[in-house]
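Q: I have a structure here, written as structure tokens, and I will follow up with some questions on it.
The values are calculated or read from the model by the stated rules, or taken from the named source; none is laboratory data. All values reported here derive from a predicted model rather than from experimental measurement. Note that we place each Cβ from the backbone using ideal geometry, even for glycine, and neighbour counts take in every protein chain shown.
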Amino acid sequence: MKKICVVTATRAEYGLLKCLMEDIQSSSFLELQLIVTGTHLSPEYGMTVDEITDDGFLIDDRIEIMLSSDSSIGVSKAMGLAQISFAESFGRLCPDAVLVLGDRYELLPIALAAVISRIPVIHLNGGELTEGAIDEVIRHSLTKLSSIHFTAIDEYRDRVIQMGEHPKLVFNVGEVGLDNLSRISYLNKEDFELSIGSKLSKCNLLITYHPETTKSLDANIADFNELLKSLKELEDTLFIFTKSNADVGGKKINNLIDDFVENHPNAICFNSLGRVRYLSALKFVDAVIGNSSSGIVEAPSFKVASINIGDRQKGRVRAESVIDVSPAKHEISNALKTVYSTGYSEVLCNVYNPYGQGDSSSQVVKILEDINLDNLTIKSFFDVSFTHA
């Protein structure tokens, strides 16, 4: 039995990993180890560790790294604490491999602790671009720290290989998070309304917005205020906010959300909707607005529009249902007019999601069952041949 240690630090990441965790747990050749950390253990962010235990997973270790500050200094201190704590945890659990997904800052010290302990790192969702976030460089750093790679589309696989990773260890399997779409039991309209404590309106919007961590705090606040100005002009609309993550400046955005909700009769907010409520919401809303990756990766599968604001997701491949706008009130308002315009539903009906069809987790598990994990931490650089002009 190969012990695969999955690490999850945020609500969104867990939502993407859940089906894969189930499939690892069901394998006759793999043993699931689970470490929960980051915002999962913070009441301020919804204590989403409870969702993990409610789903029936046994947690092998809970590692608290969140500090009260969301400043750059606070984040750096949290990263230092993570490396110390995970080094100790890996020493106790002795996993055969550590599996991480994405580009969050918490994952960098975790991967470093694994590498120092000569434990191979398995990285999901490498090769992607998010030019409006510091996560961009963290993702590529994780690629170089990792030994096995699972990417979401061929273009991303090519990019990982371009970074010197051996093609035999880079597998394009699609987006594992899309497996959720065929496995969960969605809430019907009545149950969804009960779960959010509000009736759906004539128009309904799901807003999920995070800081662009390459910008200053003042610039992020100004950008988010442009979104709020455009929302204030709408009538007969229910606004469903999910709060920002633990990036630098996230608390300031959450304060603005609280103020907006307090002063708007048709606005509600949640620290976390949870996986089932969030995906169920995509069945009932007219659009996802903000800059979350869910608007790029998951929303197209529901044939729902995404208004993607700013540069946080810049560089990611996107479906035709994604409308890119700058953080300016008039552009956001024009995008909303497009969403509600006559004929736009035809565009949505024909949308194809480039991130796969939701059969990725089984592919990952089969590869992990067959692959030899010995000596993978000893890496050699794979040179790509270039034709120079």
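Q: Find the residue count for the range 288-324, including only residues that are farther than 21 Å from residue 156 by Cα and of a type in the set (Lys, Arg).
A: Counting residues in the range 288-324 that are farther than 21 Å from residue 156 by Cα and of a type in the set (Lys, Arg) gives 1.
Q: Here is a follow-up. Given the residues 127, 174, 164, which is the only one that is touching a Lys or Arg at 6+ places or on another chain (Cβ under 7 Å), at positive phi and not aliphatic (A, V, I, L, M)?
A: 127
Q: Any idea how many residues of the range 233-290 are of a type outside the set (D, E, K, R) and not in a loop (DSSP other than H, G, I, E, B)?
A: 28
Q: Within the bounds of the range 25-37, is there any residue that is surrounded by fewer than 22 Cβ atoms within 10 Å (Cβ to Cβ) and either modelled with pLDDT under 95 or part of a helix (DSSP H, G or I) (or both)?
A: The answer is yes, given that some residue of the range 25-37 is surrounded by fewer than 22 Cβ atoms within 10 Å (Cβ to Cβ) and either modelled with pLDDT under 95 or part of a helix (DSSP H, G or I) (or both).
Q: Can you list residue pairs whose Cβ atoms sit under 7 Å apart, with the first residue in the range 154-183 being under 13 Å from residue 126 (Cα atoms) and the second being among the basic types (Lys, Arg)? Count only pairs 6 or more apart in sequence or on different chains.
A: Partner pairs satisfying both residue conditions: 163/144; 170/157; 172/157.
Q: Continuing with the same structure: If I go through the range 94-120 residue by residue, how many of them are surrounded by fewer than 24 Cβ atoms within 10 Å (Cβ to Cβ) and of a type in the set (Val, Ile, Thr)?
A: 3
Q: On to the next question. Among residues belonging to the range 225-247 that are under 15 Å from residue 291 (Cα atoms) and either at pLDDT below 95 or among the polar types (S, T, N, Q) (or both), point out the one that is nearest to the chain's Cα centre (by Cα).
A: 245
Q: Could you tell me whether any residue of the range 211-219 is part of a helix (DSSP H, G or I) and surrounded by 15 or more Cβ atoms within 10 Å (Cβ to Cβ)?
A: Within the range 211-219, one or more residues are part of a helix (DSSP H, G or I) and surrounded by 15 or more Cβ atoms within 10 Å (Cβ to Cβ).
Q: Identify the residue in the range 323-374 that is part of a loop (DSSP other than H, G, I, E, B), of a type in the set (Val, Ile, Thr) and free of Cβ contacts under 8 Å to residues at least 60 places away in the same chain and, among all such residues, is surrounded by the most Cβ atoms within 10 Å (Cβ to Cβ).
A: Across the range 323-374, the extreme among qualifying residues is 351.
Q: Additional query: Any residue that is surrounded by fewer than 21 Cβ atoms within 10 Å (Cβ to Cβ) and either in a helix (DSSP H, G or I) or at positive phi (or both) - is there at least one of those in the range 2-13?
A: Within the range 2-13, not a single residue is surrounded by fewer than 21 Cβ atoms within 10 Å (Cβ to Cβ) and either in a helix (DSSP H, G or I) or at positive phi (or both).
Q: With the condition being not aliphatic (A, V, I, L, M), I'd like the helices (runs of 4 or more DSSP H) fully within the range 48-123 carrying at least 2 qualifying residues.
A: Result: 49-54, 72-93.
Q: Return the pair list, or none, for Cβ contacts closer than 8 Å from residues in the range 20-42 that are under 15 Å from residue 101 (Cα atoms) to residues that are basic (Lys, Arg) and assigned to a loop (DSSP other than H, G, I, E, B), at least 6 apart or on different chains.
A: If the second residue must be basic (Lys, Arg) and assigned to a loop (DSSP other than H, G, I, E, B), the pairs left are 38/104.
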